[in-house]
1. Using the charge dipole of segment 219-333 (Lys, Arg: +1 at Cβ; Asp, Glu: -1 at Cβ; taken about the Cα centre), state which of Leu293, Val241, Phe319 has its Cα farthest towards the positive end.
2. Over the chain, what is the relative contact order in percent, taking alpha-carbon pairs closer than 8 angstrom and at least six residues apart?
3. Taking a probe of 1.4 Å, how large is the accessible area per residue of segment 87-131, in Å²?
4. Mind listing the long-range amide H neighbours of Ala29? Cut-off is under 5 Å, sequence gap 5 or more, other chains count too, H placed in the peptide plane at 1.01 Å from N.
5. Within segment 165-249, list the trypsin sites (Lys or Arg not before Pro) lying in a DSSP loop whose Cβ has at most 15 other Cβ atoms in a 10 Å radius.
6. Using mean Cβ contacts within 10 Å as the protection proxy, how do 262-269, 17-24 order, highest first?
7. Convert each backbone phi in segment 136-148 into a coupling constant with the Karplus relation 6.51 cos²θ - 1.76 cosθ + 1.60 (shift: θ = phi - 60°), then list the ³J(HN,Hα) values in order as whole Hz, x for Gly and Pro.
8. For the chain, what % of the accessible area comes from carbon and sulfur atoms, probe 1.4 Å?
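The values are calculated or read from the model by the stated rules, or taken from the named source; none is laboratory data. Owing to the predicted nature of the structure, the values given are computational and were not obtained by experimental measurement. Here the Cβ is made from the backbone with ideal geometry for all residues, glycine too, and neighbour counts use every protein chain on show. The protein model used for the area step is the full one, side chains on, heavy atoms only, and it has no ligands, DNA or RNA in it. Shrake-Rupley method; radii C 1.70, N 1.55, O 1.52, S 1.80 Å.
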Amino acid sequence: MAGKKRPLVVITRKLPDPVETRMRELFDARLNVEDRPMTQPELVAAVKEADVLVPTITDHIDAALIAQAGENLKLIANFGNGVDKIDVAAAAKKGITVTNTPNVLTEDTADMTMALMLAVPRRLAEGANVLTGEKKWAGWSPTWMLGRRIWGKRLGIVGMGRIGTAVARRAKAFGLSIHYHNRHRVLPAVEDELEATYWESLDQMLARMDIISVNCPSTPATFHLLSARRLALMQPSAYIVNTARGDIIDEESLVKLIHDGKIAGAGLDVYEHEPALNSKLLKLAAKGKVVLLPHMGSATLEGRIDMGEKVIINIRAFFDGHRPPDRVLPLRT
Ligand code: 8YV
């Protein structure tokens, strides 16, 4: 890009300092130092003048916004793996390339998935709250605060992509048997390594697992994939964990089934209408039936810096006339 006009890059949220410093060095970077989410008029103004937009999960980059983009906007370089908030097809129709930041958050998100898979059956949040709550802890007792064992149990992974596979590796080390449902079988070598059982039928897998982990992307095809009918197939002693996207699960039905004792509990990092939380979920959390986290699956300093560096690599490759490494293609319908 040496000697060429530096692209006008509008970043919609505050990014880690080292990333912002690098962006300022390389681009005509418009930073969001206050980290206040952009309003719709501000997003419209941004797409009208920018060469590159760097949005995050808190921005809705829909067809209506893309239609208002100026002729300069040639790249939407998402700070995030999931592009469910970007209308990639509308961008493509307008000749706008979309990129994301895969791989660099895989292990961190898998770690958080494992943390939730342990936290709910082993009542981690409840135990921690006992010691910080009003009531004084009366001390150990043989039958108190008993949770459920996870080693030796059956884990069913919905979506065996990068993050699903990383979850499987961790869960295998924790002594769980690995089962999965996916659009395609993974490579035989990966199935062998994980001693993983493939379930073509999601229904049949849901009915036989002790723990379900949701690790597929949010797309029109996976909206409410875990529907009321499917959730009802789970065993009353089973748990579900979601670090993918909230709208993959019919949240209202999940809340009802846990409330009625038809599902044992849930560990959630994402929500159907986040950041708005279903008040019934909060009530279940107070009873220790669910552990709720505020979308922090990939929230490590290292991970977010790596995500920023990937955004920079995608922008530089694009303006050097190369195909960016993390280009996202519209879904085949
Ligand atoms: C991101 C995520 O932090 O990457 C994703 O898809 O959900 C999170 O890791 C978030 O999307 C930032 O835009």
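1. Positive-end residue among those listed: Val241.
2. Relative contact order of the chain: 18 percent.
3. 41
4. Val9
5. Arg183, Arg185
6. Values: 262-269: 23.8, 17-24: 15.9.
Going by the mean number of other Cβ atoms within 10 Å, highest first, we get 262-269, 17-24.
7. 6, 5, 8, x, 4, 8, x, 10, 9, 6, 6, x, 10
8. Working: 9460 of 16770 Å².
Accessible surface attributable to carbon and sulfur in the chain totals 56 percent.
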